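Step one of this worksheet: look at the structure below.
What follows is calculated from the coordinates using simple rules that are stated; it is not laboratory data. Everything numeric in this text was worked out from a predicted model, so none of it was measured. Note: ideal-geometry Cβ built from the backbone for every residue, glycine included; neighbour counts use all protein chains shown.
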Amino acid sequence: SGGLGSYAIQLATAAGANAIGVISEEDKRDFVMGLGAKGVLNRKDFDCWGQLPEVNTPEYDAWFKEVRKFGKAIWDITGKGVNVDMVFEHPGQATFPVSTFVVKRGGMVVICAGTTGYNLTMDARYVWMHQKRIQGSHFAHLKQAASANQLMIEGRLDPCMSECFTWDEIPAAHVKMRRNEHKPGNMSVLVQAPKTGLKTVEEVLKARG
C-alpha cells in the first residue's frame, strides 16, 4: 500500500495481470482493493517472517507449516495450485524466504530494497529445483520512465498522492515515515513549485507571475 505496492498493482492491472496485495494493517485493505488488486492478504495472519530457520530443525518445520498456509491463502485467490508469476520484494530480510518459496516454477522475485535488512536467506532447494529467478531492480531507464509517465498522462496510472509537503516540512515527512504514520500511497515535496495542482511548465510559470 506504499509507493512500490500502489504502482505495482496498477502496472500489473494495466498489463492484464492479476495483482495480490500484502498489507500489515486492515485499514489499508480497501485502499489496495480500490487500486485494482484481485485480493489482499494481511501478513499478521501468518507467522513465517524473518530470516529462514536452520533446515531440519523444529523451527524450520514450524516456518514451513506457516509458509504453506500463506501459499494456501494465495491459492484461495488464484485457484488451487496456481502460484504467482512474480513477487515485488521490498522489505528484504524479513520476507525474502517467503517470496522465493511462493513464486511459481520459473517465476521471478524482483527485489528493489531491503527495509527490514540486507541479509537475505532462502531455502535454495526450492529455487534451483523449480528454476526460479531472482532479479535486482533499481528504478528505470529513460524509456521505461517515459512509458510510465505516458500512463500517468493517459490517466491509467494514479500517483496515489496522499500528502504533499513544502520544502520546510521535509523533517515532518521523515518523522511520519519513521513512525509509520503516513497514509497509504505516496508523499511528495514541492521543489520550486509555488503550489500543488500544476501540471505543466506553463502553469508553473504563470503561477509564479
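What is the Cα convex hull volume of the stretch 39-136 when expressed per residue in Å³?
Residue-normalised Cα hull volume stands at 95 Å³.
Mind listing which GluC sites (Glu not before Pro) in the stretch 43-91 are in a DSSP loop and have 11 or fewer other Cβ atoms within 10 Å?
For GluC sites (Glu not before Pro) across the stretch 43-91 that sit outside H, G, I, E and B with at most 11 neighbouring Cβ atoms in 10 Å, the list reads Glu54.
Suppose the chain between Ala146 and Thr116 were pulled fully straight at 0.36 nm per residue; how much longer would it get relative to their current alpha carbon spacing?
Here the segment from Ala146 to Thr116 would lengthen by 7.7 nm.
Just to be sure I understand: with springs between alpha-carbon atoms less than 10 Å apart, which residue in Gly34, Gly197, Gly155 has the highest mean-square fluctuation in the Gaussian network model of the chain?
Evaluated over the chain, the most mobile residue of the options is Gly197.
What is the pair-distance distribution P(r) of the chain, computed from all Cα-Cα distances in 10 Å bins starting at 0, with each bin given as a whole percent?
Once binned at 10 Å, the Cα pair distances of the chain give 8, 28, 34, 19, 8, 2, 0.
Mind checking which of Ile111, Ile153, Ile134 has the largest fluctuation in a GNM of the chain, springs on alpha carbons under 10 Å?
Ranking Ile111, Ile153, Ile134 by mean-square fluctuation puts Ile153 first.
Among the trypsin sites (Lys or Arg not before Pro) within the stretch 110-209, which fall in a DSSP loop and have no more than 10 other Cβ atoms within 10 Å of their own Cβ?
When the trypsin sites (Lys or Arg not before Pro) of the stretch 110-209 are filtered for loop state and at most 10 Cβ neighbours within 10 Å, Arg179, Lys199 remain.
Among Gln144, Gln93, Gln131, whose mean-square fluctuation peaks in a Gaussian network model of the chain (Cα, cutoff 10 Å)?
So, out of Gln144, Gln93, Gln131, the one fluctuating most is Gln144.
Per residue of the chain, what 222 nm ellipticity follows from adding -39500 (n - 2.57) for every DSSP H run with n ≥ 4, rounded to the nearest 500?
-11000 deg cm²/dmol
Modelled label-to-label distance, Gln135 and Thr196, 7 Å Cα→beta-carbon offset: nm?
Reported label-point gap for Gln135 and Thr196 is 3.4 nm.
Give, in nm to one decimal, the length gained when the segment between Lys72 and Asn56 is fully stretched (0.36 nm per residue of separation minus the Cα-Cα distance).
Length difference between fully extended and current span is 3.5 nm.
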